[in-house]
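Below is one structure, written out as structure tokens; the observations come after it.
The values are calculated or read from the model by the stated rules, or taken from the named source; none is laboratory data. In this text the structure is predicted, and so the values were computed from the model without any measurement. Note that we place each Cβ from the backbone using ideal geometry, even for glycine, and neighbour counts take in every protein chain shown. The accessibility values were calculated without ligands, DNA or RNA, using every heavy atom of the protein model including side chains. Shrake-Rupley method; radii C 1.70, N 1.55, O 1.52, S 1.80 Å.
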Amino acid sequence: MMDQNFVGIDSGSTMCKTVLFRGNQVLDTLMSKTGWNPRLSAKQDSDLLLERHRLSRENIVFATTGYGRETIDFSDHVFTEIICHAFGGMHLVPGIQGIIDIGGQDSKVIKIINQKVADFLMNDKCAAGTGRFLSMACDKLGIELESIDEFVNLDEYSQINSMCAVFAESEIIGLLSLETDRSKIMAGVLQSIAQRIRQMIEKLGFSKELPLLMTGGLSRSQALMEAISVATGFNVITHRYAPFAGAIGACVCAHGRERQSP
Amino acid sequence: MKENQLPKNFESFADARKQGFLHIKALKDAGKNVVGTFCTYTPAEVIMATGAVCVGICSFSDETIPEAERVLPRNLCPLIKSSYGFALTEKCPYMYFSDLLVGETTCDGKKKMYELLGELKDTHVLQLPQTQTDEVSKEMWYKEVLRLKDRLEEKFGVVITDEDIKAAIKLKNEERIVLKELYELSKACPPPISGAEQLKVLYGSQFKFDYNVKLHELRDTVAKIKQDYEKGERPVSESAKRILITGCPLAGATEKVVTAIEESGGVVVAYENCIGAKTVERLVDENEEPYKAIADRYLQIGCSVMTPDTKRYELLTRLIDEFQVDGVVEMTLQACHTYAVETQSIRRLVQDRDVPFISVETDYSAADSAQLKNRLAAFIEMMA
């Protein structure tokens, strides 16, 4: 079982994250746009990853998660993102008490007690506090999503008051028409997302002495992490593989399930 | 006597709906009066004692919501919008043929909707107290039950005798006993029926108007399920996580919650909702003064319109134990303030017993089916 190869695929609404996993370790990762056909991107990415390591598709255990998971017809195991982000997070930072994941179309906070998911909250009713909200703001401000950190200054921000992403867009347009500095507006957008996350964190209740782990693609933004740290008072940490936490968690869960019923 | 007419757009209806209309029309043509009710607080016995058909008319489909929204605010509970919409569009046979509608001052949305509904149909509103244990509330509710009796007697030109009301109490109690027997079958592990099947029987029993036939059929159903189980039939997997559903009324469009649970490795063993345990649990005391006994029984139903809602907590706690529940799913409807606020107390109550809890808010559309599935699947995975 230790030398079994696993391919974990987290087919998100925006990005498809794929990992190759063996012996409880991440061997390689790959990220691409999910595109219109989640099955196709999942197939192509896993092919590419296997090719890099001269592996054939035979004898590989495929574990999938993310919104596209049901469409991926070559899965051996399918899990929801909640469980995958939790187990992926625990794999990356053993003993972590909670996970924050801001996805393309939802955001979630997961509470872990004794290596198990104890509770979770999910915002999937509206775009506020999700990656979609951030990319909308980037579009309006003419900034690349990847370069938020260079652009923003958290010390000075314009308050974004609208709870709704559509109205927030109008608010941003209003601020631009007043020639407000774009870095201030972007800082306001990050604050707004951080406040949404704060509400969920406070509802679940965590120990202030211990850190929370941020997973998902947006964990690469130091500015967003800092905004959440300031808003919540928690030490928010990340890991270089955090964007792949869902895919890694899928492998960990599949590994557990294979052991149960070989 | 005036002739019972079908609605103007009858010919455009689907067959099942046409059958519903024709069925009720036949009852009306045979001289039966029809009374439509909304909440579980309406004392059905008083209506039955007049010889009238008593039928639930809370609506569970999004079909008439666009029409209702021409009058009602958009950000309102879908059950209220839908029910009003069915009155407006004449698409519900029970609503359409009702001689009288009976509502109560439960939530603010319903209470105010009844004012508008009263413009379309003859509507009687019972004033429901908001607390359940104090003497003033008990006295007031007793008087409201008597006021309903007077209203019905006047409306239908009948006198309810002592025998009538006692007979109605007995019949309704018998129904409760057999319905309870039915859903308590799911105490078995694994349960002999799925949650979807249990709901179908509980909900469907409202629309069978001949009590003798209904009781006979229900007893047959119970016997058949028992027999199959004893023969070793196990339609539900033993590893399925046992879920209790609580919260707002659940039927029709919101059965999507049950589907999401049962497609994800769970099985609904108990419903605390209006169509479920809380409507059925208590019997009317047959040895008490009838109207007093009726008032006492109905006022003890738990619902978030009551403050504090201790009866709901008591029933939930008991059901969690008796049905060996693995997890509790609460469903609230969009814009239902009382249930949404009470979620906090319910979450604490359930989690303090180390039972996983999740609350999902939904409406009558299919728009959130994928998200619901995702959340509830994660909830069930979390218990594995």
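Some notes on this structure:
- Take the conditions (1) within 23 Å of the chain's Cα centre (by Cα); (2) over 28 Å from B:GLU90 (Cα atoms); B:GLU135 misses just one of them, which is (1).
- Among the residues of the range B:351-383, those identified as farther than 20 Å from B:ALA240 by Cβ and of a type in the set (A, V, I, L, M, F, W, C) are B:ALA366, B:ALA367, B:ALA370.
- Take the conditions (1) more than 14 Å from every other protein chain (Cβ to nearest Cβ); (2) free of Cβ contacts under 8 Å to residues at least 24 places away in the same chain; (3) over 21 Å from A:VAL230 (Cβ atoms); A:ASN161 misses just one of them, which is (3).
- Condition met for A:GLU202 (at pLDDT 90 or above and either within 27 Å of A:THR215 (Cβ to Cβ) or not acidic (Asp, Glu) (or both)): yes
- Residues of the range B:176-191 that are crowded, with 19+ Cβ neighbours inside 10 Å and under 14 Å from B:SER237 (Cα atoms): B:SER186, B:PRO191.
- Residue check for B:ASP321: out of contact with any strand residue (DSSP E or B) (no Cβ under 6 Å at 6 or more places or on another chain), part of a loop (DSSP other than H, G, I, E, B) and free of Cβ contacts under 8 Å to residues at least 12 places away in the same chain: no
- Residue selected from the range B:326-339 under the condition assigned to a helix (DSSP H, G or I) and open to solvent by 40 Å² or more (accessible area, probe 1.4 Å), by the criterion nearest to the other protein chains (Cβ to nearest Cβ): B:HIS337
- B:THR317 fulfils the conditions (1) polar (S, T, N, Q); (2) more than 14 Å from chain A (Cβ to nearest Cβ); (3) surrounded by 21 or more Cβ atoms within 10 Å (Cβ to Cβ) except for a single criterion, (3).
- Applying the criterion of being within 12 Å of chain B (Cβ to nearest Cβ) and touching a Leu at 6+ places or on another chain (Cβ under 7 Å) to the residues of the range A:85-116, the residue that is most open to solvent (accessible area, probe 1.4 Å) is A:LYS111.
- Of all residues in the range B:214-248, those satisfying the criterion of being modelled with pLDDT of 95 or more and of a type in the set (Lys, Arg) are B:ARG219, B:LYS224, B:LYS226, B:LYS231, B:ARG234, B:LYS241, B:ARG242.
- Criterion applied to A:LYS108, A:LYS125, A:LYS140 was being basic (Lys, Arg) and part of a strand (DSSP E or B), and the one residue passing it is A:LYS108.
- In the range A:46-79, residue surrounded by the fewest Cβ atoms within 10 Å (Cβ to Cβ) [restricted to those that are within 14 Å of chain B (Cβ to nearest Cβ) and in a helix (DSSP H, G or I)]: A:THR71
- For the range B:304-346, the tally of residues that are over 20 Å from the mean Cα position of the chain (by Cα) and of a type in the set (Phe, Trp, Tyr) stands at 1.
- Taken together, the residues in the range A:136-147 that are modelled with pLDDT under 90 and open to solvent by less than 60 Å² (accessible area, probe 1.4 Å) amount to 1.
- Residue, nearest to B:ILE160 (Cα to Cα), within the range B:60-97, restricted to residues that are open to solvent by 10 Å² or more (accessible area, probe 1.4 Å) and among the small types (Gly, Ala, Ser): B:ALA87
- A residue that is open to solvent by 40 Å² or more (accessible area, probe 1.4 Å) and in contact with a Gly (Cβ under 8 Å, 6 or more places away or on another chain) cannot be found anywhere in the range A:168-180.
- Per the conditions (1) over 17 Å from A:LYS125 (Cβ atoms); (2) touching a strand residue (DSSP E or B) at 6+ places or on another chain (Cβ under 8 Å); (3) polar (S, T, N, Q), the sole criterion not satisfied by B:SER345 is (2).
- Test: residue in the range A:121-128 that is under 23 Å from the mean Cα position of the chain (by Cα) and either loosely packed, with under 15 Cβ neighbours inside 10 Å or over 28 Å from A:ALA242 (Cα atoms) (or both): yes
- Residue count for the range B:340-384 satisfying the condition of being within 11 Å of another protein chain (Cβ to nearest Cβ), in a helix (DSSP H, G or I) and polar (S, T, N, Q): 5.
- Residue match in the range B:116-138 (condition: assigned to a helix (DSSP H, G or I) and within 15 Å of B:PHE38 (Cβ to Cβ)): yes
- Residues of the range B:74-109 satisfying the condition of being under 13 Å from B:ASP363 (Cβ atoms) and not in a loop (DSSP other than H, G, I, E, B): B:PRO78, B:LEU79, B:ILE80, B:LYS81, B:SER82
- Restricting attention to the range A:24-45, the residues that are touching a residue at least 12 places away in the same chain (Cβ under 8 Å), under 20 Å from the mean Cα position of the chain (by Cα) and open to solvent by 80 Å² or more (accessible area, probe 1.4 Å) add up to 2.
- A:LEU190 being surrounded by 13 or more Cβ atoms within 10 Å (Cβ to Cβ), in a helix (DSSP H, G or I) and without any contact (Cβ under 8 Å) to a residue 40 or more places away in the chain: no
Yes/no per residue for (1) farther than 30 Å from B:CYS336 by Cα; (2) basic (Lys, Arg):
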| position | (1), (2) |
| --- | --- |
| B:GLN5 | yes, no |
| B:GLU11 | yes, no |
| B:ARG17 | no, yes |
| B:PHE21 | yes, no |
| B:ILE24 | yes, no |
| B:LYS32 | yes, yes |
| B:GLY36 | no, no |
| B:THR50 | yes, no |
| B:PRO66 | no, no |
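- On inspection, A:ILE82 qualifies as within 11 Å of chain B (Cβ to nearest Cβ) and among the β-branched types (Val, Ile, Thr).
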